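Notes to accompany the following structure.
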Amino acid sequence: MSFDQIRLDKQDGIALLTLHRPDRMNAFTTQMMLEIVAALDECDADDAVRAVIFTGSGDRAYCAGADLGQGAATFDYDKRTDKAATLPDGVAASPVAEDGTIDWSHPLIRDSGGRVSMRIFDSRKPVLGAINGAAVGIGATMTLAMDARLASETARYGFVFARRGIVPEAASSWFLPRLVGIQTAVDWCFSGRLIDAAEAREKGLVQSVHAPGDLIDAAIAKAREMTADSAPVSVALTRHMLWRMLGAPHPMSAHRWDSRAIFARGRSPDAAEGVTSFLEKRPPNFTASVANDYPWFAEFEDAPPYS
């Protein structure tokens with residue numbers, strides 16, 4: 001698929017997804033959202049891709065937030081022509097009826113940034129952020145569902161929603177407190193102040209800080225460290241298990257998933273190869289395909305619980 005507002009470059013197992021609107025500091029649009037989702041679909045279907053790294057075009061910004069070109073209507077979604085253009089045939093043009101009632105299930109109400117976050121959450125490949133400059137609004141919140149965030153020394157985060165008269169989006173009210181704790185989350189979101197790379201690292205939002213020229217190489221090295229010696233299907237399953245268990249009400253939920261997942265993987269050729277290669281002191285050759293052999297989670301979720 002060809003893209004206009006992002007770039008997708010694949011090399012040696014790594015897909016580099018670059019937000020590409022440098023004249024607008026890579027500001028987020030509906031089209032960018034659709035292209036990010038399509039790019040992640042493409043990467044999930046490509047077994048040659050082991051990990052995806054997000055970064056921004058240019059040296060000023062990762063993503064400066066929502067494009068404010070619609071002015072005062074920027075966040076008034078049923079007035080946005082670009083969002084209306086994405087509606088399926090037969091769907092009402094506005095969620096607001098003539099009598100003022102609101103159809104809360106209408107597609108225009110769904111947050112575009114949340115569609116990106118949830119697609120990253122559902123990714124079957126590790127996703128890393130190489131945050132090369134300003135990451136504000138959706139530029140900050142879309143990174144929260146990633147598995148690692150590496151920042152340039154010039155990076156700045158801003159959860160500026162209250163300063164724009166709105167609220168945090170992109171499922172950040174779920175992700176952010178889990179990453180940095182509730183006290184830090186409320187501080188950053190209530191004030192909307194900019195957070196430099198050093199504070200972001202101190203509070204656990206970013207894993208490491210690098211000179212601008214070293215950032216992408218560091219992210220690639222981290223992606224390879226995460227994936228080089230591991231079975232791709234096992235990484236995909238582990239990723240989904242760890243993220244989902246953050247919201248589990250009881251460790252029995254984890255026990256159920258662990259039991260079913262390890263039973264499913266234990267029967268696979270990858271499990272035999274993992275043990276055999278270790279005993280033979282050689283690199284493993286895992287053959288299971290994320291695109292074709294990934295288990296359906298319904299098989300784990302629908303089974304009755306253990307007593």
> Based on what the data block shows, is A218 within 22 Å of N132 (Cα to Cα) and either in contact (Cβ under 8 Å) with a residue 60 or more places away in the chain or not assigned by TED's automatic domain parsing to the domain that holds P284 (or both)?
Replying inline: yes
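For every residue, the table says whether it meets (1) at pLDDT 95 or above; (2) surrounded by 17 or more Cβ atoms within 10 Å (Cβ to Cβ); (3) part of a helix (DSSP H, G or I).
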position	(1), (2), (3)
I36	yes, yes, yes
A39	yes, yes, yes
C43	yes, yes, yes
A48	yes, no, no
T55	yes, yes, no
>> Being in contact with a Phe, Trp or Tyr (Cβ under 8 Å, 6 or more places away or on another chain), loosely packed, with under 15 Cβ neighbours inside 10 Å and of a type in the set (G, A, S) narrows it down to one residue among A231, A162; which is it?
In response: A162
>> Residues that are of a type in the set (S, T, Y) and in a helix (DSSP H, G or I): does the stretch 152-161 have at least one?
In response: no
> In the stretch 146-159, what residues are surrounded by 24 or more Cβ atoms within 10 Å (Cβ to Cβ) and in contact with a helix residue (DSSP H, G or I) (Cβ under 7 Å, 6 or more places away or on another chain)?
Replying inline: L150, A151, S152, A155, Y157, F159
>> Looking for something under 21 Å from T30 (Cα atoms) and out of contact with any His (no Cβ under 8 Å at 6 or more places or on another chain) - is there at least one such residue anywhere in the stretch 171-191?
In response: yes
> How many residues does the stretch 192-211 contain that are part of a helix (DSSP H, G or I) and either without any contact (Cβ under 8 Å) to a residue 12 or more places away in the chain or exposed (fewer than 14 other Cβ atoms within 10 Å of the Cβ) (or both)?
Replying inline: 3
>> Where the second residue is in a loop (DSSP other than H, G, I, E, B) and among the aliphatic types (A, V, I, L, M) and the first is at pLDDT below 75 and loosely packed, with under 10 Cβ neighbours inside 10 Å and lies in the stretch 74-102, which pairs have Cβ atoms under 7 Å and are six or more apart or on separate chains?
In response: none
> When only residues in the stretch 17-48 that are among the aliphatic types (A, V, I, L, M) and more than 16 Å from the chain's Cα centre (by Cα) count, which is nearest to G139 (Cα to Cα)?
Replying inline: A27
>> So, in the stretch 225-284, exactly how many residues are part of a helix (DSSP H, G or I), over 19 Å from P126 (Cα atoms) and among the hydrophobic types (A, V, I, L, M, F, W, C)?
In response: 11
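The values are calculated or read from the model by the stated rules, or taken from the named source; none is laboratory data. Quantities reported herein were computed from a predicted structural model and do not represent experimental measurements. Cβ coordinates were reconstructed from backbone atoms using ideal geometry, including for glycine residues, and neighbour counts include every protein chain displayed.
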